[in-house]
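Below is one structure, written out as structure tokens; the observations come after it.
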Amino acid sequence: MARLTPMMQAYVDTKAAYPDTILFYRLGDFYEMFFEDAKTVSRELELTLTGKDCGLSERAPMCGIPHHACEPYLNRLVEKGYKVAICEQVGEASSGKGLMKREVARIVTPGTNIMSGSLEESKNNYLMCIAYTQNHYGISVVDVSTGDYHVTELSEDKKLLDEIARFAPAEIICNDAFFMSGIDIEDLKNRQGIVIYPLEAWYFDDDTTQLALTNHFKVKDLKGLGLEDFSLGVTAAGALLRHLYDTQKNALSHLSHIRPYRIGGHLILDGFTRRNLELTETLREKQKRGSLLWVLDQTKTAMGARMLRSVIEEPLVDKEAIIRRQDALSELNEQPMLREEMREYLNGVYDMERLMGRISYQSASPRDLIAFHNSVSMIPAIKLILGDFKANLLKELFTEMDELPDLCSLIETAIDPTPPLSVREGGIIRDGYHEEVDRLRKAKTEGKQWLMELEEQEKEATGIKNLKIRYNKVFGYYLEVTNSFKSMVPQTYVRKQTLANAERYITPKLKELEDVILGAEDRLMTLEYDLFCQVREQIKGEVLRIGRSAKAIAYLDLLISLAVAAEKNNYCRPLITEDGSISIKDGRHPVVEKMIPNDMFIANDCYLDHDSQRISIITGPNMAGKSTYMRQVALIVLMAQIGSFIPASSAQIGIVDRIFTRVGASDDLASGQSTFMVEMTEVANILRNATENSLLILDEIGRGTSTFDGLSIAWAVVEYISNPGLLGAKTLFATHYHELTELEGHLSNVNNYCIAVKENGDDIVFLRKIIPGGADRSYGIAVAKLAGVPDPVIERAKQIAKELSDHDLSAAISELHIEKKTTKKKAIDEVDCNQISLFDTVGDDAIIREIKEMDLGQLTPIESLNFLYQVQGKIKNRW
């Protein structure tokens, strides 16, 4: 019976231990894949599929990639959602016999890929772990490339989805129970592109997860980590850590701090709001340009850019924390020369967090260490300038910033300033750092000179004038003496070979030189690698100091970025209060104003409070700027709560706990939801989760259904929000239902505003200015003309609009000769349109009596609409 070859059997055994991965199996200079893995990789990467004799009757399918160029291939597989196990050669074959030992060095997944080509510099790459039990969720997220590690817990599905939207993890691991939680797993996989899979139950054992955390962070108990009140969060964090140990195969020393947080400890933004406000990417193109991040990002470092993104997605609700940031920005802009000098030094700082991650993974190259050295060497100059500032936050950063002089000196002394890319090429260690390296390097480059010097010394010592040092592959280096001088050979020479006219000898000194010269290159590369690893390990041991300094530099870069953006864009410092009022003078949309040339953006005011200005009903034509105005207010409030200055001439911002937006219309075809269903789902979420301290941005509520239904829903929503006993949130409400402007007289905290429009015959000009009062027209046909609708359609629309406005809708349709396929058409055709009467047509005494008996003075507007809708239904049934 055929048996696998020893090498192939070793492969099969390794593959059996990692069945859910693609196994990159190191053979010489290649990573080879066999059997089904080979077929998969060949198909996904379009590589040639070959075969290899494996001891069986058929050749094993095989494909391979060069080990030195594996990164792009591996990244493509991981991007497609595959897990890749990298199996390296870890030993030498004994005496040239037997198999070389191989072990899986680590498993690369979408959430643990640290290769630079796969990572976006300004964005974290998160792995999330979810532990679910009895309607509660423990959540932990980690970025192994930077060492960021967070944990929380919550009890609502919607909040879980909000956290997933905030962190946007590349991968989620979970317990089996999560698949029965009711969360739409397929939606997370297919629409958000997240790889999701469960871990075995033992990963989530309470005792072992707690032990994993306390051991890793070297603390006695959970109190030392601030996790004593996060029981389910500890389960998720511990399971995540154990999973990382198993897949990353290292101590993860750069995970030096875990940050517990509570939902509600920052301004809450749901997924809809993040998208609608275009905080970090545009809604349609998914590009940074056109987002709030694009406007504010003046950072010089990748670390600062990531922190800025995080700050935008997690605004503050603590007044003192906001003011501390504002104070820092004010002082930075008061001393622009010092600020710009620090920016110049920051420009030379590389991504210290990810460099530290690679050092921890032992994958950092010599060039990575030089980049680290160059970054650290900037810190003293930055810190010297920072010492001149007085703002409390800047003083704290000064204290946190460690200059790391010992590490800077170590790298400068040990590592050549222009090292090779690979750790196996030699030329890594600097001259003078290690005596043996210097000797071997000298032997490699000066070996011939040493041989010439030894030859002259022997000639002089023996008097043999024609003595030569020669070399061949059999004997190596030897001394050759012709027969005529054989009698002068010293007794210390050892004969190696006799020729017809000469003798060949060796000496201890010559053999020593031979060993040095011939073995110098191999020994040099091995020694340099070992010394490099020692330096890398020494740096790894200072991970806590490095981490603190890296965070301080990132925070400083973030603050300087906000200060520069404020100065460039003429922002003002808002007054932060807790009284619930929002007062903005000459507010501007931070993104739109950057897109409009020559400062042509029209500024607008806004005032909302918890008293008479709770809700603003905004009417006006399409394209006039209602949505831009409402988004502008939301963005200004959000910017204020991240500590940024804002685009306005002055402002007072009362802290809000949540911002909700319902803007735009879109079908959710993938999940079978219509535009109206999506709209109502978002409205329901807002009404259920908003509080009186929230800010609501509602645009065109109810437009996805019939006019009566839509108006009724919009009216009821405004009434609900305006009632402090039910909700009472500050709200901007844009609508085309002009009937809603009647609410201003019925509800004391509702006010009407509209977009000013200038008419010029049939044409209109949008003035983009918000003014008190309601719009009396929608200007829909004028907007259609502006949009380029053909003239015949425009003229016909005008004709129909006139008919509809002059007559009852049913009569107008009859006059326009629009065909009716029901019996209703016959009834309409028989009526004289100019004499049409509701009571004459219906002829129903019961309906007339019902109308006469109704006390219209006691009805609310919404009850009146509902009554009219019921009467209309009865009339339709009669027809």
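The values are calculated or read from the model by the stated rules, or taken from the named source; none is laboratory data. What you see is a predicted model, and the numbers here were worked out from it, not measured in a lab. So basically every Cβ, Gly included, is an ideal-geometry build from the backbone, and we count neighbours across all protein chains shown. Remember, those area values only see protein heavy atoms, side chains included, never the ligands or the DNA or RNA. Shrake-Rupley method; radii C 1.70, N 1.55, O 1.52, S 1.80 Å.
May I ask you to say which residue of Lys496, Lys509, Lys486 is assigned to a helix (DSSP H, G or I) and either closer than 30 Å to Glu446 by Cβ or touching a residue at least 60 places away in the same chain (Cβ under 8 Å) (or both)?
None of the others qualify; the one that does is Lys509.
Restricting to the range 475-495, and then to whatever is farther than 17 Å from Glu456 by Cβ and of a type outside the set (Val, Ile, Thr), can you tell me which residue is most open to solvent (accessible area, probe 1.4 Å)?
Residue satisfying both the conditions and the ranking: Gln491.
Here is a yes/no grid of residues against (1) open to solvent by less than 70 Å² (accessible area, probe 1.4 Å); (2) over 29 Å from the mean Cα position of the chain (by Cα); (3) farther than 28 Å from Cys408 by Cβ:
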site: Ala520; (1), (2), (3): yes, yes, yes
site: Ile539; (1), (2), (3): yes, no, no
site: Gly547; (1), (2), (3): yes, no, no
site: Ala554; (1), (2), (3): yes, no, no
site: Leu562; (1), (2), (3): yes, no, yes
site: Arg573; (1), (2), (3): no, no, yes
site: Asp579; (1), (2), (3): no, yes, yes
site: Asp586; (1), (2), (3): yes, yes, yes
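Across the range 1-22, which residue is nearest to the chain's Cα centre (by Cα) among those that are crowded, with 16+ Cβ neighbours inside 10 Å and in a loop (DSSP other than H, G, I, E, B)?
Thr21
For the structure I just gave you, tell me whether Tyr25 is of a type in the set (Ser, Thr, Tyr), at pLDDT 90 or above, touching a Gly at 6+ places or on another chain (Cβ under 7 Å) and part of a strand (DSSP E or B).
It is false that Tyr25 is of a type in the set (Ser, Thr, Tyr), at pLDDT 90 or above, touching a Gly at 6+ places or on another chain (Cβ under 7 Å) and part of a strand (DSSP E or B).
Applying the selection to the range 132-178, what residues are in contact (Cβ under 8 Å) with a residue 12 or more places away in the chain, open to solvent by 20 Å² or more (accessible area, probe 1.4 Å) and more than 23 Å from Asp246 (Cα to Cα)?
Thr133, Asn135, His136, Glu153, Ser155, Asp157, Lys158, Lys159, Leu161, Ala165, Ala168
Just checking, which of Gly271, Gly238, Gly233 is closer than 24 Å to Trp202 by Cα, of a type outside the set (Val, Ile, Thr) and touching a helix residue (DSSP H, G or I) at 6+ places or on another chain (Cβ under 6 Å)?
Of Gly271, Gly238, Gly233, the one residue that is closer than 24 Å to Trp202 by Cα, of a type outside the set (Val, Ile, Thr) and touching a helix residue (DSSP H, G or I) at 6+ places or on another chain (Cβ under 6 Å) is Gly238.
Among the candidates Thr691, Thr681, which residue alone is open to solvent by 30 Å² or more (accessible area, probe 1.4 Å), farther than 27 Å from Leu559 by Cα, modelled with pLDDT under 85 and of a type in the set (Val, Ile, Thr)?
Thr681
In contact with a Ser or Thr (Cβ under 9 Å, 6 or more places away or on another chain), on the phi < 0 side of the Ramachandran plot and at pLDDT below 90: which single residue out of Gly710, Gly704 fits that description?
Checking each option against the conditions leaves just Gly704.
State all residues of the range 259-288 that are acidic (Asp, Glu) and open to solvent by less than 60 Å² (accessible area, probe 1.4 Å); if no residue qualifies, say none.
Asp270, Glu278
Can you say whether Leu213 is farther than 27 Å from Ala550 by Cβ, open to solvent by less than 50 Å² (accessible area, probe 1.4 Å) and either out of contact with any helix residue (DSSP H, G or I) (no Cβ under 8 Å at 6 or more places or on another chain) or assigned to a helix (DSSP H, G or I) (or both), as far as the supplied structure shows?
no
Looking only at residues that are open to solvent by 60 Å² or more (accessible area, probe 1.4 Å) and in contact (Cβ under 8 Å) with a residue 60 or more places away in the chain in the range 289-302, which one is farthest from Ile164 (Cα to Cα)?
Top of the filtered list is Lys300.
Do the conditions hold for Ala321, that is, is it open to solvent by 10 Å² or more (accessible area, probe 1.4 Å) and farther than 13 Å from Leu558 by Cβ?
For Ala321, the condition - open to solvent by 10 Å² or more (accessible area, probe 1.4 Å) and farther than 13 Å from Leu558 by Cβ - is met.
The rows are residues; the columns are (1) closer than 26 Å to Ile359 by Cα; (2) at pLDDT 95 or above; (3) open to solvent by 10 Å² or more (accessible area, probe 1.4 Å); (4) over 26 Å from the mean Cα position of the chain (by Cα).
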| position | (1), (2), (3), (4) |
| --- | --- |
| Arg191 | no, no, yes, no |
| Lys218 | yes, no, yes, yes |
| Asp221 | no, no, yes, yes |
| Ala239 | yes, yes, no, no |
| Leu252 | yes, no, no, no |
| His257 | yes, no, yes, no |
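Name the residues in the range 736-766 that are more than 21 Å from Leu698 (Cβ to Cβ) and either among the polar types (S, T, N, Q) or surrounded by 15 or more Cβ atoms within 10 Å (Cβ to Cβ) (or both), would you?
Answer for the range 736-766, where residues must be more than 21 Å from Leu698 (Cβ to Cβ) and either among the polar types (S, T, N, Q) or surrounded by 15 or more Cβ atoms within 10 Å (Cβ to Cβ) (or both): Ala756, Val757, Asn760, Ile764, Phe766.
If the Cβ limit is 7 Å and pairs must be 6+ apart or interchain, which residue in the range 707-728 that is within 23 Å of Asn693 (Cα to Cα) pairs with which residue that is among the aromatic types (Phe, Trp, Tyr) and part of a helix (DSSP H, G or I)?
Close Cβ pairs satisfying both conditions: Leu726/Tyr720; Leu727/Tyr720.
Say we look at the range 196-216 and pick out the residues that are of a type in the set (Val, Ile, Thr) and under 29 Å from the mean Cα position of the chain (by Cα); which of these is nearest to Asp176 (Cα to Cα)?
Only one residue tops the list, namely Ile196.
Please list, ordered by residue number, the helices (runs of 4 or more DSSP H) wholly in the range 378-442 having 2 or more residues that are over 30 Å from Arg324 (Cα atoms).
Where helices (runs of 4 or more DSSP H) fall fully within the range 378-442 and carry at least 2 residues being over 30 Å from Arg324 (Cα atoms), they are 405-414.
Between a residue in the range 550-576 that is touching a residue at least 12 places away in the same chain (Cβ under 8 Å) and any residue that is of a type in the set (Ser, Thr, Tyr) and in a loop (DSSP other than H, G, I, E, B), which pairs come within a Cβ distance under 6 Å, given they are 6 or more apart or on different chains?
Listed pairs, sorted by first residue: Asp557/Thr299; Asp557/Thr301; Ser561/Thr299; Leu562/Ser644.
When Cys54 is evaluated against the numbered criteria (1) of a type in the set (A, V, I, L, M, F, W, C); (2) crowded, with 19+ Cβ neighbours inside 10 Å; (3) not in a loop (DSSP other than H, G, I, E, B), which criterion, by number, is the only one it fails?
Unmet condition: (3).
With respect to Thr498, is the statement that it is under 52 Å from the mean Cα position of the chain (by Cα), open to solvent by 30 Å² or more (accessible area, probe 1.4 Å) and over 17 Å from Glu456 (Cα atoms) true?
For Thr498, the condition - under 52 Å from the mean Cα position of the chain (by Cα), open to solvent by 30 Å² or more (accessible area, probe 1.4 Å) and over 17 Å from Glu456 (Cα atoms) - is not met.
Mind listing whichever residues of the range 427-474 are more than 60 Å from the chain's Cα centre (by Cα), hydrophobic (A, V, I, L, M, F, W, C) and open to solvent by less than 60 Å² (accessible area, probe 1.4 Å)?
Of everything in the range 427-474, those that are more than 60 Å from the chain's Cα centre (by Cα), hydrophobic (A, V, I, L, M, F, W, C) and open to solvent by less than 60 Å² (accessible area, probe 1.4 Å) turn out to be Leu451, Leu454, Ile464, Leu467, Ile469.
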